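Novice: Got a structure here, written out as structure tokens. Questions coming.
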Amino acid sequence: MSFQSLNLLQPILNSLHDEGYSTPTPIQEQAIPIIMDGNDLLGCAQTGTGKTAAFAIPILQLLSQKITNEHKKKIRSLIVTPTRELAIQIGESFQAYGRYIRLNHTVIYGGVNQFQQTTALQKGVDILIATPGRLLDLMNQGFISLRDIEIFVLDEADRMLDMGFIHDVRRIISVLPQKRQSLFFSATLQPEIIKLAGTILHNPKKVEVTPSASTADTIGQYIYFVDKANKNALLMDLLRNQSIKTALVFTRTKYGADKVMRLLVKNNIKAEAIHGNKAQNARQRALANFKAQTTRVLVATDIAARGIDVDNLGFVINYEIPNIAETYVHRIGRTGRAGAAGTAFSFCDAEEKAYLKDIEKLINRKIPVIHDHPFPLTGDIAEAIDNQEKRRRPEYMQSGMAKSRRNWRPNRDR
Ligand code: AMP
């Protein structure tokens, strides 16, 4: 299928050509016609699948097909997304796909002074991309009216709930016009998400892009079993490989992200950390440095990394295994974007083995294990030695031997 066969306007086709997109991704192929027909949409897809373009393109087309004086200076489409990084990235997408279209957009998010945002709003925007808190804040201050919204998008609904935005979302929905088109995107469709979707959508068409399909082919995935105490050493060992030009390292906590960043910097590896405790401009700067490859390693928490879209990011390293399987899919989806090659390494300690099992179940494949590395799990070594001993020693000696071997640790640790 080609973009031409989706009946897109020539200016949009031209911008897609500029972007170098030749064929629609599966979510785009399915969602664009549904949206252009005026239907509500329930989309199950995560970042990395091309979902932003799947809603941005038809919004630009639908709005541009009817521009009258009546529409001037009215917000006609609202996209609500959980993080500032995502909001900025969605803004960049509207900029790219709408560069030959006479519609303007602005992006608003918290953590920065509101002046620039309110100035842009006062000039008038057709499309508003917002995080929930700042949106409500500027609505309360009278800078924003949602009376004229024709198309509403709730992006990353599952993350929105995880981040505790449910009440904000409900308040936003309550002031939207009844007559509107609504598009709802979530990476997962657990019952509470379906319930929320039910309060927003009217006779929606459902489109699903399964995580297994999107992680399957382009990303090389590998597991290192390693003791928690050896993860730093393993990371340093891995990064000695100079063919890793840039890597995004995920940690579970903000504190962990800073700790890993400090380790790398101490070892002369250019690294920065981004997480929720960092000021917005510090996060943007770190991201820009990473994109420009002046920073080799970006250490991030899941929430901060949600909107990271770096072309040609070759490596993702999971310093810890996420306890929610979908998070793993999101993380590794930062690499191998839109068909490019990518590699994801995951460090798994003994306690994280159960999480790994969940992930393998979700993606419906076994992730290959790299055995040949300097820091194997001590439990595994002990087991291997036990088994060897068992084969050699007579029955009556085995239990004592197993016990003493359990305390065995590799030389470097002693
Ligand atoms: P998203 O899932 O919206 O975060 O998009 C993931 C990445 O895929 C972004 O870098 C887009 O620029 C890129 N992309 C989206 N659609 C296409 C397409 N049809 N062909 C090639 N790249 C695409």
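Novice: So Gly91 clears everything in (1) within 16 Å of the ligand (Cβ to nearest atom); (2) open to solvent by 10 Å² or more (accessible area, probe 1.4 Å) except one condition, right? Which one?
Specialist: (2)
Novice: Is it fair to say Leu135 is more than 16 Å from the ligand (Cβ to nearest atom), crowded, with 22+ Cβ neighbours inside 10 Å, modelled with pLDDT of 95 or more and aliphatic (A, V, I, L, M)?
Specialist: yes
Novice: Can you find, within region 5-54, the residue that is farthest from Ile90 (Cα to Cα) among those that are among the charged types (D, E, K, R) and within 13 Å of the ligand (Cβ to nearest atom)?
Specialist: Checked region 5-54; the qualifying residue farthest from Ile90 (Cα to Cα) is Glu29.
Novice: Name the residues in region 295-326 that are within 16 Å of the ligand (Cβ to nearest atom), modelled with pLDDT of 85 or more and either open to solvent by less than 10 Å² (accessible area, probe 1.4 Å) or under 27 Å from Ala130 (Cα atoms) (or both), would you?
Specialist: Those that are within 16 Å of the ligand (Cβ to nearest atom), modelled with pLDDT of 85 or more and either open to solvent by less than 10 Å² (accessible area, probe 1.4 Å) or under 27 Å from Ala130 (Cα atoms) (or both): Ala300, Val316.
Novice: Also, quick follow-up: For the subset of region 228-271 comprising residues that are more than 15 Å from Ile321 (Cα to Cα) and among the small types (Gly, Ala, Ser), which member is farthest from the chain's Cα centre (by Cα)?
Specialist: Ala233
Novice: So, in region 136-167, exactly how many residues are without any contact (Cβ under 8 Å) to a residue 12 or more places away in the chain and either small (Gly, Ala, Ser) or assigned to a strand (DSSP E or B) (or both)?
Specialist: Residues that pass the stated criteria total 2.
Novice: Could you please let me know if Lys72 is more than 13 Å from the ligand (Cβ to nearest atom), closer than 30 Å to Gly133 by Cβ and open to solvent by 50 Å² or more (accessible area, probe 1.4 Å)?
Specialist: Answer is yes for this residue.
Novice: Considering only residues of region 22-50 that are in a loop (DSSP other than H, G, I, E, B) and modelled with pLDDT of 95 or more, which is nearest to Ser2 (Cα to Cα)?
Specialist: Asp37
Novice: Given the options Val153, Val112, Val107, name the one that is over 29 Å from Asn203 (Cβ atoms) and crowded, with 22+ Cβ neighbours inside 10 Å.
Specialist: Val107
The values are calculated or read from the model by the stated rules, or taken from the named source; none is laboratory data. A quick note: this is a predicted structure, and the numbers were derived from the prediction, not measured. No Cβ is skipped: glycine too gets one built from the backbone with ideal geometry, and neighbour counts run over all protein chains shown. Remember, those area values only see protein heavy atoms, side chains included, never the ligands or the DNA or RNA. Shrake-Rupley method; radii C 1.70, N 1.55, O 1.52, S 1.80 Å.
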